[in-house]
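Working notes, beginning with the structure itself.
The values are calculated or read from the model by the stated rules, or taken from the named source; none is laboratory data. In this text the structure is predicted, and so the values were computed from the model without any measurement. Because the Cβ atoms are built from the backbone with ideal geometry, glycine has one as well, and the counts that use them run over all protein chains shown. Calculation scope for accessible area: heavy atoms of the full protein, side chains included, ligands and nucleic acids excluded. Shrake-Rupley method; radii C 1.70, N 1.55, O 1.52, S 1.80 Å.
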Amino acid sequence: VPTPPPASGEPDTPTYSGYMLITDDSGAIEVEVPQEWNDVDGSAWVLDGEVIGVTVSAASDLAGFNDTYGTPGVFFGASRVLAEEYDVNGLLDDVDFSEDCTFDGRYEYDDGVYVGFYDLYVECGTEQSTIASIAAIPEGGPFIVWVLTQIVSDRDVDAFGQITDTLQVIGDLP
């Protein structure tokens, strides 16, 4: 992953203090995130009133992560329903940030378990942050995972590496 320039707005501390394991409310997915990202939501993945999968999100402030480009954080979801409707490229095509960001490119993704692609968006909003949007499937493709990481400073690049090294589906998906 290309290293984004540090954005203004967040102190450029070299690293986070450590990582913690978080799971969704059902215990089906887990990932390690910075301890500072202690605002966590593990509620079901709901689209148009229907549960389509499981998710866990984490940031220092989820409202800031969801509503601005200035708060680093992660959204990790896994869905059998979306795997029936999308391939990895189709999902990435539907999740487009080019209105507020510069599209850097689509790159191959393979963490040894999940294979797919990720889109990298740079210069997002006035904060000039970076978004990495991963869509991937395990061998056989019974479900699809979507991982969105918002990178605001250099230490978030390390967090992104920890996220991709530790994300996994460990239980049954709805």
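Data overview
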read-out	value
Accessible-area composition of region 23-106, carbon plus sulfur, in percent [1.4 Å probe]	40
Amide N proximity, region 38-56 versus Thr166 label position 7 Å along Cα-to-Cβ, cut-off under 15 Å	38-41, 56
Alpha-carbon centroid distance for the pair region 145-161 / region 33-49, whole angstrom	15
Relative intensity, log₁₀ I(q)/I(0), of the chain from a Debye sum that treats every alpha carbon as a point, q = 0.17 Å⁻¹	-1.04
Point-charge dipole on Cβ atoms (K/R +1, D/E -1) for the chain, about Cα centre, debye to 20	260
Point-charge dipole on Cβ atoms (K/R +1, D/E -1) for region 105-169, about Cα centre, debye to 20	160
Between helix 154-166 and the chain: long-axis angle, C-alpha atoms, 0 to 90°, nearest 10	20
Computed [θ] at 222 nm, deg cm²/dmol, the chain (DSSP H ≥ 4; -39,500 (n - 2.57); rounded to nearest 500)	-5000 deg cm²/dmol
Cα-based equivalent ellipsoid, region 46-118: semi-axes from gyration tensor eigenvalues, Å	21, 18, 14
